[in-house]
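Here is the structure we will look at, set down as structure tokens.
The values are calculated or read from the model by the stated rules, or taken from the named source; none is laboratory data. The shown structure was predicted, so the numbers you read here are calculated from the model rather than taken from an experiment. Glycine also receives a Cβ, built like all others from the backbone with ideal geometry; neighbour counts cover every protein chain displayed. To get the accessible areas, we keep the full protein, side chains included, count just its heavy atoms, and leave off ligands, DNA and RNA. Shrake-Rupley method; radii C 1.70, N 1.55, O 1.52, S 1.80 Å.
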Amino acid sequence: MRATTAFDFATRRRWAVPLWLLAPTLLVMAYAFVAPLLTFFEYSFYRFRRGRLEQVFTLDTYSRFLFDEYYHVIIYDTLRMATLVTVLSLLIGYPLAYALYRINRPSIQRWLGLLIFSPILVSVVVRSYGWIVLLSDQGPVNWLLLRLGIVAEPVTLVFNLLGVVISLTHVFLPFVVFPIFSSLTRLDPELKEAAEDLGAGWWTTFRRVTFPLSLPGAVAGAQICFTLALGAFVTPAMLGGGRVLVLPLQVYNATAEINWPVAAVGGMTLLIISMVAVAGFNRLLKYSEVR
Amino acid sequence: MDPDVEFVGVTKAFGDFVAVDDISFAVAKGSFFSLLGPSGCGKSTTLRMTSGFEHPDRGALRIAGEDMAGVPPYRRPTNMVFQRWALFPHMTAAQNVAFGLEVERLPRRDIRERVGKALELVGLGELAQRKPSQLSGGQMQRVALARALVKRPKVLLLDEPLGALDLKLRTQMQLELKRIQREVGTTFIYVTHDQGEAMTMSDRIAVMNKGRIEQIDTPQAIYDRPATRFVAGFIGNTNIAPVTIEAVSDGEARVRCGGLAFVAAGAAGVSAGPGHLALRYERIRLGAASAHLPVTHEATVRDVIFAGSVVQYVLFLEQGPLELIAEQPHEGGAALLVRGERVAIGWDAVAPRLFQDG
């Protein structure tokens, strides 16, 4: 009997401390996430007709999201934007992370790191206006393209998907660079020496040893980038110029019209896409990891 | 005796620290050569220069007769077994071993055959499909060995590869390494700080200290005839005591240590003046066994260290005063001396080695 009591006490002790530490978070989550989610879930079944909300049960909104072409385009555009931003961030971010890793001089690394981090330090509104100026028809980017004779006419770089993708890539870059950089720095330098000793030059060593072992960082970075891009609101609103309709914007517009059911189902769709994406990336992470 | 590796006046410094200071040596083809010394003595730097990861500041390095200046690691006829093995964690044992051959762009069939043979040689045939994380330390060590040997290097470099293994496994791997070396006939250069390891396996040993080579010889010669005071102290268990060399004639010296005076025969190349005496623990005889020896004294037992197969006695010679440690083989059931006991001790005139100071 005494043994059991001691065991219970030990078990309770083992659970008590983490529970106390988690309690504030759990309370906030319950109040600010779970409760609104349930409310949203309830609202998603209401009916919205002629600018008025009716508390009548219907699956109408769901069926529209599932079968209406209009919503399909929005979902497709959202996914396309997030995918483009992720791919572009990886294409720019990996070489950047690798360069940062190869510099191997802590003082320079610190400054470059700060530079890469800088987009996050600037307010999203200021940053978006900056990009609008840079990318406009009369802006410096088009001026340079024209002067160099790369294009004959100004290219439309802003108030379309391209502008949104450029701006989002700019701000999400650090989220891709730093995970890759950290997985590179965790590599045992002896592995590179071993590859070289076995006859591999720089490129083979990179392709067969360094790159595969840095994939977990790339996957983690892509995961953050993709999910953040899915939820981006201010940038598509400002740089899309009303021509890029993604889910968060659609949700915002619906709430402005007090169309709660559409906002609710839109929000839910975003949540589901995010969850599927996170699960997919986690699966990928498992494959890319060594064990 | 064709030298496979030759160092001629090689010096290497890192900033102000001279890691390797004007060393020269040659390693005979097909031999097992060890670089032995305490940490920081320059042995690893010497090995890394051979593999091409470091470059000499001065001097020349030849492998199989060819000068290696400016030749990168991936073009050298050497392969390395790293201290912590450096296996590629995302590849299986077989893929690790195949890596070096795939880089050479050999036909697939040849690669498969040679990988199979290499894993067989190190006794890992069944574990070919395991990842490094699923292997024990000893098994990883074997994969690293197979991965280096499969390239058929002219010279195999080993950087304390047994350091991370436990004692039993280490002893077993020593014998196995020697067997493999004999079987493949490749020149091995082995870096270690463990004298036992170097003694067991090597044909020749270079003892290094502070970036210089103190002595190069066979294990037995180094043990029996250490060339310097450092070698005498580093290899084996040795009493080292400051002495005054009073006179030398015909390779025999009259030596004084405080109130003790005796004759020492191992005095070639020394002359009168201050010096040090090196006397191995096991060369001191105790009790009746010391009676007929040319050098005898009386001592008090200060401590008894029982280690199973041997017993060590810490002895105090009042006339010195001098403290010496003597080691005796322990035969089952024999009575040990006890602390405080008076005992006659003695040693042969050829047992101590003398080294001049300065």
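Some notes on this structure:
- Simple label model, 7 Å out from Cα along Cβ direction - residue A:28 to residue A:276, nm: 3.1 nm
- Interface size A-B, as summed buried accessible area [1.4 Å probe, Å², nearest 100]: 2100 Å²
- Prolate/oblate/rounded label for region B:291-330 (Cα gyration tensor, a/c 1.5): oblate
- Residue-level accessible surface for residue B:330, protein heavy atoms, 1.4 Å, Å²: 50 Å²
- Here r is the Cβ-Cβ distance between residue A:15 and residue B:136 and R0 is 22 Å; the resulting FRET efficiency, rounded to 0.05, is 0.05.
- Largest-first ordering by accessible area, 1.4 Å probe, given options A:15, A:20: A:20, A:15
- GNM top mover of A:89, A:182, A:167 - chain A, alpha-carbon springs below 10 Å: A:182
- Per-residue extension of 0.36 nm, minus the Cα-Cα distance of residue B:339 and residue B:117, leaves a gain of 74.1 nm for this segment.
- Rounded to the nearest 5, the antiparallel percentage of DSSP beta bridges internal to region B:130-269 is 75%.
- Contour excess over end-to-end distance, with Cα ends at residue B:331 and residue B:175 and 0.36 nm allotted per residue: 53.5 nm
- Think of a 1.4 Å ball rolled over the protein heavy atoms: the protein assembly as shown then has 52 Å² of accessible area per residue.
- Inter-chain shielding of A:184-194 (mean C-beta neighbours from other protein chains, 10 Å cut-off): 4
- At least 24 Å along the helix axis (C-alpha) and Kyte average at least -0.5, DSSP helices within chain A: A:2-29, A:69-103, A:161-185, A:211-230, A:260-288
- Overall, the accessible surface of region B:250-324 at a probe of 1.4 angstrom is composed of carbon and sulfur to the extent of 53 percent.
- Accessible area ranking (1.4 Å probe, heavy atoms, ligands and nucleic acids excluded), largest first, for A:72, B:276: A:72, B:276.
- Whole-percent pair-distance distribution, where bins are 10 Å wide, for the alpha carbons of region A:1-158: 8, 13, 20, 22, 19, 13, 4, 1, 1
- Positions from region B:82-128 whose accessible area shrinks by 40 Å² or more when the full protein complex is built, not the chain alone, probe 1.4 Å: B:82, B:84, B:86, B:88, B:89, B:90, B:99, B:103
- Note on chain B: the C-alpha convex hull projects to 22.1 nm² when averaged across all orientations.
- For region A:205-249, the normalised intensity computed at q = 0.16, 0.21, 0.30, 0.34 Å⁻¹ comes to -0.57, -0.69, -0.98, -1.06 (log10 of I(q)/I(0), Debye sum over alpha carbons, equal scatterers, no solvent).
- Cα shape, chain A, gyration tensor, a/c 1.5 rule: oblate
- Each residue was assigned an accessible area with a 1.4 Å probe, and for residue A:70 the value is about 110 Å².
- Length-normalised contact order for region A:47-144 - Cα pairs under 8 Å, 6+ apart - percent: 8 percent
- Surface accessible to a 1.4 Å probe, residue B:224 within the full protein complex, Å²: 70 Å²
- For chain B, built as a Gaussian network whose Cα springs stay under 10 Å, the top-fluctuating residue of B:249, B:202, B:39: B:249
- Computed FRET value (nearest 0.05) for residue B:26 with residue A:87, which takes r as the C-beta separation and R₀ as 56 Å: 0.45
- For chain B, modelled as a GNM whose springs connect Cα atoms under 10 angstrom apart, the maximal fluctuation among B:19, B:86, B:232 occurs at B:86.
- Computed FRET value (nearest 0.05) for residue A:243 with residue A:42, which takes r as the C-beta separation and R₀ as 30 Å: 0.35
- Largest-first ellipsoid semi-axes for region B:21-108, taking √(5λ) over the Cα gyration tensor eigenvalues, angstrom: 27, 17, 13
- Kirkwood analysis of the protein assembly as shown, using all unique Cα-Cα pairs, places the hydrodynamic radius at 32.0 Å.
- For region B:141-205: Kirkwood Rh in Å [reciprocal of mean 1/r, alpha carbons]: 12.1 Å
- Pairs from B:29/B:178; A:192/B:168; B:151/B:210; A:192/B:154; A:192/B:29; B:12/B:154 whose Cα-Cα separation, in the structure shown, is over 26 Å: A:192/B:168; B:151/B:210; A:192/B:29
- Share of pairwise Cα separations in region A:46-119, more than 17 Å, in percent: 68 percent
- When B:51, A:288 are compared by accessible area of protein heavy atoms, the largest-first order is A:288, B:51, using a 1.4 Å probe.
- Stretching the chain fully between residue A:144 and residue A:76 yields a gain of 21.2 nm (0.36 nm per residue, less the alpha carbon separation).
- Cα centroid separation - region B:1-38 against region A:109-132, whole Å: 53 Å
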